[in-house]
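Below is one structure, written out as structure tokens; the observations come after it.
Any read-out appearing in this document is the output of simple, stated calculations on the displayed coordinates, not a laboratory observation. Just so we're clear, the structure is a prediction, and the values are computed from it rather than from any experiment. For neighbour counting, all protein chains shown are included, and Cβ atoms are generated from backbone atoms with ideal geometry for every residue, glycine included.
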């Protein structure tokens, strides 16, 4: 049991007998004898082995640990493939949502431009002798001015974002 557990733990960590021997300060032949059951490590060596293999001494001394088989690896590979497919779907959905948002932003900017063009700034014909009307007219003019200056930048950035997202 101990010999099998040492061999199984060493292989699962991807260590050679030489590498494990270096970690526990013995020669490779000692590791080979332990794994063949020809000798047994003393208590101090068991502690060093457990630290080198990242497993408790009780696991080394306990019943034989099952080796990782190819079937287990295949099952893990299948699960990883499922996770990768889910991540790919999530990424595609995120890209689709971003495209939709950018298209909506382009349509919104174009629609506001059309509305402003159709209205032809009606507040310019208002009677500004009333202070409240004057404030409202200036506010509308400021919003229109700001929109006309910023909208082309937003439209170009959205179009560029669509091109980049589609790649």
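For the stretch 70-166, the equivalent ellipsoid derived from the Cα gyration tensor has semi-axes of 53, 13, 9 Å, listed largest first.
For the chain, the longest principal axis of the alpha carbon atoms and the long axis of helix 70-119 meet at an angle near 10°.
Ellipticity at 222 nm from helices only: DSSP H runs of n ≥ 4 in the chain, each -39500 (n - 2.57), divided by the residue count, give -26500 deg cm²/dmol. The C-alpha atoms of the chain define a longest principal axis, and helix 2-12 lies at about 30 degrees to it.
Measuring nothing but how far apart in sequence close Cα pairs (under 8 Å, 6+ apart) lie, relative to its length, the stretch 70-166 scores a relative contact order of 42 percent. Compared with the direct C-alpha span, the chain from residue 77 to residue 140 gains 16.5 nm at full extension, assuming 0.36 nm per residue. One compactness figure for the chain is 2.36, namely its Cα radius of gyration divided by 2.2 N^0.38 Å. Ordered by the count of other Cβ atoms within 10 Å of each Cβ, fewest first, 34, 145 give 145, 34. For residue 165, project a label point 7 Å along Cα to C-beta. Then give me every residue of the stretch 81-95 with its amide nitrogen under 12 Å of that point. It comes to 92-95, nothing else. When only Cα pairs below 8 angstrom with a gap of at least 6 residues are kept, the chain shows a relative contact order of 21 percent.
A viscosity of 0.692 mPa s and a temperature of 37 °C, combined with the Kirkwood radius over C-alpha pairs in the Stokes-Einstein formula, give the stretch 2-61 a diffusion coefficient of 300 µm²/s.
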